[in-house]
1. Would you grab the residues whose amide H sits under 5 Å from the one on Ile49? Only those 5+ places off in sequence or on another chain, please, with H modelled 1.01 Å from N.
2. So, counting K/R as plus one and D/E as minus one, what does the shell of residues with Cβ under 13 Å around Ser75 add up to?
3. Karplus couplings for region 110-127 from phi (6.51 cos²θ - 1.76 cosθ + 1.60, θ = phi - 60°), rounded to Hz, Gly and Pro as x?
4. As a footprinting exposure proxy, order Asp67, Asp86 by other Cβ within 10 Å, with the fewest listed first.
5. Where does the charge balance sit around Thr62 when Lys and Arg score +1, Asp and Glu -1, over other residues with C-beta under 13 Å from its C-beta?
6. According to the Kirkwood expression over distinct Cα-Cα pairs, how big is the hydrodynamic radius of region 24-141, in Å?
7. From the phi of every residue in region 24-38, what ³J(HN,Hα) in whole Hz does the Karplus formula 6.51 cos²θ - 1.76 cosθ + 1.60 yield, where θ is phi - 60° and glycine or proline is x?
8. Give me the net charge for the shell around Lys36: Cβ to Cβ below 9 angstrom, other residues only, Lys and Arg +1, Asp and Glu -1.
Amino acid sequence: MATHVHNTNEACCTIPPVQSNYTPNGSFKSVGSFNKVYVTGPATSTSAIVCVYDIFGFFPQTQQGADIIASALKSSVFMPDFFEPDPPFPEKDFPPTTDEGKKALQNFFGTTANPPKNVKNLITFGQHLKREGFKNVGVYGFCWDP
């Protein structure tokens, strides 16, 4: 269980969610130790970029962003399911409005979305991509700590 109290970010709580009918360009594959990775971009690229999604997991707008980056930079973009085999935090429960909801969010950050555990997984994944032949590996991500 996490000992840090996670507060809510005003921007996350006041801006409405994006609505999208976007159809992603990439596909889901098993890569490295991850069973589910969204992969997009040219297969011949020597550059890989890893996308770390937010606490809600895979969403069309996050995949659309990965597709845009892959196209603009002519790079392969990989978005691993860092939370597997667990589900992401339920969007309907955010922001938490009760003590029980706040406890559930803290528990999520202490287990499934535990930053040190997931940073280790990210580094291991980047090393895997280097072993697979990518000369350059970068990363970008979204808010995990509301």
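No value in this document is a laboratory result; all are computed from the given coordinates. Worth saying up front: this structure is predicted, and the values here are computed from it rather than measured. A quick note on method: Cβ atoms are made from the backbone with ideal geometry, for glycine too, and the neighbour counts reach across all protein chains shown.
1. The list, which skips near neighbours in sequence, is Ser76, Val77, Phe78, Gly138.
2. Values: positive: Lys74, Lys135; negative: Asp67.
Around Ser75, the charge tally is +1.
3. Using θ = phi - 60°, the values come out as x, 10, 4, 9, 3, x, x, 4, 6, 5, 4, 5, 5, 4, 4, 5, x, 5 Hz.
4. Details: Asp67 19, Asp86 13.
With the fewest neighbours first, Asp67, Asp86 line up as Asp86, Asp67.
5. Numbers: positive: none; negative: Asp54, Asp67, Asp81, Glu91.
With Lys, Arg at +1 and Asp, Glu at -1, the neighbours total -4.
6. Working: mean 1/r = 0.0670 Å⁻¹.
Roughly 14.9 Å, rounded to one decimal.
7. x, 7, x, 8, 9, 9, 8, 9, x, 8, 8, 7, 10, 9, 7
8. On the way: positive: Lys29; negative: Asp81, Glu84.
Local charge sum for Lys36: -1.
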